[in-house]
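*Asks:* Input: one structure, supplied below.
The values are calculated or read from the model by the stated rules, or taken from the named source; none is laboratory data. These numbers were taken from a predicted model, which means no experiment stands behind them. Using ideal geometry, Cβ is built from the backbone for each residue, glycine included, and neighbour counts are taken over all protein chains shown.
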Amino acid sequence: MSKSQAMSVRPYRDITRRKSRQIRVGDVLVGGDAPITVQSMTNTLTTDVDATVAQVLAMEEAGADIVRISVPDEASSAALKDIIKQVNVPIVADIHFHYKRGIEAAEAGAACLRINPGNIGSAARVREVVSAAKDHGCSMRIGVNAGSLEKDLLEKYGEPCPEAMVESALNHARILEDNDFYEFKISVKASDAFLGVAAYQGLAEACDYPLHLGITEAGGLQAGTVLSSIGIGNLLWAGIGDTLRVSLSADPVEEVKVGYHILKSLGLRTRGVKVVSCPSCARQGFDVVKTVAAVEERLQHIRTPISLSIIGCVVNGPGEAKETDIGLTGGGSDNHKVYVGGVPDHNTSSEEMIDHIVKLVQDKADAIEAEKENS
Ligand code: SF4
């Protein structure tokens with residue numbers, strides 16, 4: 001337990017992270033005491049360089065720390081090189097079976113290869129890929145998926161199960177270890193949260209490699225967000241996980257946003273404005289739902305961690321405002337109370353409210369950033 005955890009004022013909020021070894025994905029650290037990172041994956045054609053770069057930049061804007069790109073053929077390897085030059089985050093090349101793509105991707109500047117060494121053929125091929133990774137400072141991710149487990153493991157265990165997934169991951173890991181390569185992280189994904197979570201729990205016990213979390217093929221935006229929050233959230237809460245990707249059949253930017261929401265909900269990372277708002281009811285002094293939607297939309301560019309409460313009436317408004325940097329509580333006669341630093345500060349009207357709150361939050365973010373620069 002770290003010193004800060006030992007001295008925690010609110011021990012019920014503490015999460016003790018599993019101790020994992022630390023690796024590098026480009027200039028981003030994964031594992032150890034590095035912040036838990038958020039990843040996503042492009043869904044454009046990799047050979048469409050402009051579209052892929054635009055998508056990576058949109059993900060960066062939303063806060064992605066690492067982005068993965070599929071490299072299914074030689075033309076994609078060539079495009080990868082152009083893409084990497086135009087983006088800022090480290091790129092993981094998704095390889096699967098073609099060992100040559102792995103070598104090309106490492107040469108193209110990929111920071112990490114998503115590749116299962118057991119799937120790429122002979123020991124000589126594995127050696128070639130590992131040597132390319134070493135030469136170019138590339139790490140790797142072993143990605144076990146319940147839907148594509150090796151035949152011998154399916155025969156041994158009868159069906160995809162946590163033990164089979166852990167064994168598969170450790171088999172792949174051993175191949176890299178035998179090549180004196182330890183710069184890798186592992187994922188054991190399943191679309192079934194019970195299976196995925198149990199596999200990650202088993203793997204967390206069995207090794208100290210950093211773990212990349214995900215519930216694969218989780219579904220559309222709403223259902224996939226719920227399923228991922230349960231699966232990934234459960235693991236993170238138990239201290240397991242060093243990086244994550246939320247898989248949604250939706251715009252990848254949404255995956256990044258959901259990933260952050262999961263981390264923010266568990267107090268594992270902070271980024272941007274955290275809005276605390278009530279569901280609203282007949283007591284509301286203003287339209288809470290519309291106000292929250294408008295404020296969230298207008299404040300989504302802010303990266304500075306700030307908390308904001310938007311509460312419809314005095315039943316819960318003053319209490320929530322006490323715990324947030326800026327608070328708004330609906331009052332009667334179109335007279336709503338604004339709280340700054342937890343204390344009542346001044347009033348605002350329904351008409352001015354949204355512009356006013358947006359400005360207060362923006363000013364606060366600017367002040368925090370200016371202070372950071374001066375310190
Ligand atoms: S805080 Fe007030 S307006 Fe919001 S749900 Fe509760 S009682 Fe209703």
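*Asks:* State yes or no: is S280 away from the ligand (no atom under 11 Å from the Cβ), among the hydroxyl-bearing types (S, T, Y) and out of contact with any strand residue (DSSP E or B) (no Cβ under 6 Å at 6 or more places or on another chain)?
*Replies:* Against the criterion (away from the ligand (no atom under 11 Å from the Cβ), among the hydroxyl-bearing types (S, T, Y) and out of contact with any strand residue (DSSP E or B) (no Cβ under 6 Å at 6 or more places or on another chain)), S280 does not qualify.
*Asks:* Does the range 322-338 include one or more residues that are more than 15 Å from the ligand (Cβ to nearest atom) and under 21 Å from E369 (Cα atoms)?
*Replies:* Yes, some residue in the range 322-338 is more than 15 Å from the ligand (Cβ to nearest atom) and under 21 Å from E369 (Cα atoms).
*Asks:* Then there's this: If only one of E183, E255 is over 26 Å from A62 (Cα atoms) and acidic (D, E), which one is it?
*Replies:* E183
*Asks:* Would you mind telling me which numbered condition in (1) on the phi > 0 side of the Ramachandran plot; (2) over 23 Å from the mean Cα position of the chain (by Cα) A123 fails?
*Replies:* With respect to (1) on the phi > 0 side of the Ramachandran plot; (2) over 23 Å from the mean Cα position of the chain (by Cα), A123 is out only on (1).
*Asks:* So which of G332, G285, G312 ends up being under 30 Å from L268 (Cα atoms) and either aromatic (F, W, Y) or over 28 Å from the mean Cα position of the chain (by Cα) (or both)? Steps first, please.
*Replies:* Working: G332 fails: under 30 Å from L268 (Cα atoms); G285 fails: under 30 Å from L268 (Cα atoms).
Result: G312 is the single residue among G332, G285, G312 that is under 30 Å from L268 (Cα atoms) and either aromatic (F, W, Y) or over 28 Å from the mean Cα position of the chain (by Cα) (or both).
*Asks:* Can you tell me how many residues in the range 323-340 are modelled with pLDDT under 95 and either aliphatic (A, V, I, L, M) or out of contact with any Ser or Thr (no Cβ under 6 Å at 6 or more places or on another chain) (or both)?
*Replies:* 5
*Asks:* While we're here: Being within 16 Å of the chain's Cα centre (by Cα), at pLDDT 95 or above, of a type in the set (S, T, N, Q) and within 23 Å of E107 (Cβ to Cβ) is the requirement here; does Q39 meet it?
*Replies:* yes
*Asks:* Can we say D50 is loosely packed, with under 14 Cβ neighbours inside 10 Å, in contact (Cβ under 8 Å) with a residue 12 or more places away in the chain and out of contact with any strand residue (DSSP E or B) (no Cβ under 7 Å at 6 or more places or on another chain)? Steps first, answer last, please.
*Replies:* Numbers: loosely packed, with under 14 Cβ neighbours inside 10 Å: yes; in contact (Cβ under 8 Å) with a residue 12 or more places away in the chain: no; out of contact with any strand residue (DSSP E or B) (no Cβ under 7 Å at 6 or more places or on another chain): yes.
So D50 fails the test.
*Asks:* When residues of the range 37-72 are filtered for being outside any strand (DSSP E or B), touching a helix residue (DSSP H, G or I) at 6+ places or on another chain (Cβ under 6 Å) and among the hydrophobic types (A, V, I, L, M, F, W, C), how many remain?
*Replies:* Total satisfying the criteria: 7.
*Asks:* While we're on this one: Taking the condition more than 16 Å from the ligand (Cβ to nearest atom), in a loop (DSSP other than H, G, I, E, B) and aliphatic (A, V, I, L, M), does L268 pass?
*Replies:* Yes; evaluated as a whole, the condition is true for this residue.
*Asks:* Same structure again: Hey, can you tell me all the residues within the range 144-185 that are of a type in the set (A, V, I, L, M, F, W, C), within 21 Å of V30 (Cα to Cα) and not in a helix (DSSP H, G or I)?
*Replies:* V144, F181, F184
*Asks:* Need pairs with beta-carbon distance below 8 Å; first residue within 15 Å of N116 (Cα to Cα) and within the range 142-162, second among the aliphatic types (A, V, I, L, M) and assigned to a loop (DSSP other than H, G, I, E, B); sequence gap 6+ or separate chains.
*Replies:* Matching pairs, first to second residue: N145/A190; A146/A190; G147/A190.
*Asks:* Looking at (1) surrounded by fewer than 22 Cβ atoms within 10 Å (Cβ to Cβ); (2) in contact with a strand residue (DSSP E or B) (Cβ under 6 Å, 6 or more places away or on another chain), which one does Y209 not meet, given that it meets all the others?
*Replies:* All conditions pass for Y209, except number (1).
*Asks:* Every residue in the range 288-312 that is surrounded by fewer than 17 Cβ atoms within 10 Å (Cβ to Cβ) and within 16 Å of the ligand (Cβ to nearest atom), please.
*Replies:* V289, K290, A293
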